[in-house]
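Asks: Got a structure for you, questions after.
Please treat every number below as a calculation from the coordinates, not as lab data. The structure displayed is predicted, hence computed values, not measured ones. Note that each Cβ is placed from the backbone with ideal geometry, even for glycine, and that neighbours are counted across all protein chains shown.
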Amino acid sequence: MCLAVPARVTALLPDGMAKVSLDGVLKEVSLAFVDEVAVGDYVVIHVGYALAKVDAREAEETLSLLREAARA
Amino acid sequence: MKYVDEYRDGALARGVAERISAEVTLGRAYRFMEFCGGHTHAISRYGIEDLLPTSIRMIHGPGCPVCVLPMGRVDAAIALALRPDVTLATYGDVMRVPGSNGASLLSAKAGGADVRMVYSTLDALRIAEDEPDRQVVFLAIGFETTTPPTAAVLRRARERGCRNFSVFCNHVLTPPAMGAILADGSSGAAVALDGLVGPAHVSTVIGTAPYVTITERYGKPVVVAGFEPLDILQAVLMLVRQCNDGRHQVENQYTRVVTPQGNVKAQADMAEIFRLRDTFEWRGLGWLPESALAIADPYADFDAEKRFDISRVTTADNPACECGTILRGLKRPAECRLFGTACTPETPIGACMVSSEGACAAHWSYGRFRQRGTSPT
């Protein structure tokens, strides 16, 4: 139920809405709960609302920690 | 898919699992509960328990809102849907939840009730605006992840003066349920845990700060984790390290999305539009104080519980159903005598079999095919 998926913002629309691409599938979602979203950003979508922006640097940091753990 | 596929890399997963095996203390048992149904589903689907050393046992928690919705509330929703003036809109997951006598919203719909599945709360409001002669009730369920969208639609309905729209609110809160499980663990009413894998998307909303009180009160570590298999493995490694060091801190594995303070905008909306209920019934866990939300007074005109005469009857679960003991980690799904016989995903009797995120449904779909003897089931 709490599943949420990362999607790329492809266009900003009126009324605080945005068009996002989920691996090519386009959807209109609400940006009511996130600030300063730009086209190209990734947001986490849950039931038609963006709940958070994906932090690209943290995402890479997590992967390098995983690689480090796997190597050690 | 970016930010998904990278965290499903099988070779990397095996490497992290080997690291975990290398770091567990010999002769020590680690009992970790993943609170969320999303984690339960991923653990079963990706066979994570088979990668972990046998000293680590994952216990499947109550974080599946469909599963913990009590039968009395389902019965009340069905009664609402059966009113000739009402259109009941809700998420797809909710439609199959059994009330008493095996009835569900899906069976009510088959019987002629106007029940509609929506993707978003905004879709429910759109139905109300398009069909002004219908009383459109949105059946809202879910943890803190799903609550802000309900807040947003209540605000919009009030702004637009949409008089034929209301919400039947069943939103529940994560920290009180976590506290209840850990308190039961201390008293012997639940399995004693060594740590918790904390919620992924609930934490995008509430942040990681609310878990600090829990770690301090119960002395158990909480690691917030994403829903992908590598996220879960990394969280288990972090929990093992905390246990080995004798620490009990809140740690965040899911830093690409979760911050300590969470989504402040969503929290402000929730605080304005909802109020805390004194107590609420959880299927499998019973009545938990201050564990759920109701609609606050300024939005009372849009509260279905005030607009309609909704029964507050509590309906008892089937006495043979072991969901309560399974959610507390005292029994495993296969130890319930209804499992796989009377109770299957097609005809669920208990809460844990209802949703694919429930412990019994996950075991039915994936876990029972595991080879015997590889690790504890």
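Asks: Putting +1 on Lys and Arg Cβ atoms and -1 on Asp and Glu Cβ atoms, find which of B:41, B:91, B:24 reaches farthest to the positive end of the dipole of the stretch B:1-119.
Replies: Checking the options against the dipole of the stretch B:1-119, the answer is B:91.
Asks: Would you please classify the overall shape of the protein assembly as shown from the alpha carbon gyration tensor, given that a ≥ b ≥ c denote the square roots of the eigenvalues, rounded means a/c under 1.5, and beyond that prolate means a/b larger than b/c while oblate covers the rest?
Replies: Oblate.
Asks: Go ahead and estimate [θ] at 222 nm for the protein assembly as shown from helices alone: -39,500 (n - 2.57) per DSSP H run with n ≥ 4, summed, over the residue count, rounded to 500.
Replies: Helices in the protein assembly as shown give a 222 nm mean residue ellipticity of -10000 deg cm²/dmol.
Asks: Placing +1 on the Cβ of each Lys and Arg and -1 on the Cβ of each Asp and Glu in chain B, which of B:56, B:179, B:204 has its Cα farthest towards the positive end of the resulting dipole?
Replies: Result: B:56.
Asks: Only sites in a loop by DSSP and with at most 12 other Cβ atoms within 10 Å count here; which trypsin sites (Lys or Arg not before Pro) in the stretch B:317-351 make the cut?
Replies: When the trypsin sites (Lys or Arg not before Pro) of the stretch B:317-351 are filtered for loop state and at most 12 Cβ neighbours within 10 Å, B:337 remain.
Asks: Another question, then. I'd like the mean, over residues of B:141-150, of how many other protein chain beta carbons sit within 10 Å of each residue's own Cβ.
Replies: 4
Asks: For the residue pair residue B:247 and residue B:212, what label-to-label distance in nm results when each label sits 7 Å from Cα along the Cα-to-beta-carbon direction?
Replies: So the label points at residue B:247 and residue B:212 sit 1.6 nm apart.
Asks: Here's another thing I want to ask about it. Report, in debye and to the nearest 20, how large the dipole of chain B comes out about its Cα centre when Lys and Arg carry +1 and Asp and Glu carry -1 on their Cβ.
Replies: So the magnitude is around 540 debye.
Asks: Also: With the contact rule set at Cα under 8 Å and sequence spacing of 6 or more, what percent relative contact order holds for chain B?
Replies: Relative contact order for chain B comes out at 22 percent.
Asks: Still on this structure: Which helices of chain B meet both criteria: a Cα extent of 18 Å or more along the helical axis and a mean Kyte-Doolittle score no lower than 0.5, with helices taken as whole DSSP H segments?
Replies: Passing helices, by number: B:229-245.
Asks: In the stretch B:214-271, what trypsin sites (Lys or Arg not before Pro) fall in a loop by DSSP, with at most 16 other Cβ atoms inside 10 Å?
Replies: Qualifying residues, ordered by number: B:247.
Asks: Out of the DSSP beta bridges found with both residues in chain B, what percent are antiparallel (nearest 5)?
Replies: Looking only at bridges with both residues in chain B, the antiparallel portion is about 20 percent.
Asks: On to the next question. In the stretch B:307-377, what GluC sites (Glu not before Pro) fall in a loop by DSSP, with at most 11 other Cβ atoms inside 10 Å?
Replies: Hits after loop and neighbour filter: B:346.
Asks: Which of B:87, B:40 has the fewest other C-beta atoms within 10 Å, and how do the rest follow up to the most?
Replies: Listing B:87, B:40 from fewest to most nearby Cβ atoms yields B:87, B:40.
Asks: Return the percentage of antiparallel bridges among DSSP beta bridges fully within the protein assembly as shown, rounded to the nearest 5 %.
Replies: Counting only bridges with both partners in the protein assembly as shown, antiparallel ones make up about 45 percent.
Asks: So if I place +1 on the C-beta of Lys and Arg and -1 on the C-beta of Asp and Glu, and nothing else carries charge, what would the dipole magnitude of the stretch B:1-127 be about its Cα centre? I want it in debye, nearest 20.
Replies: 160
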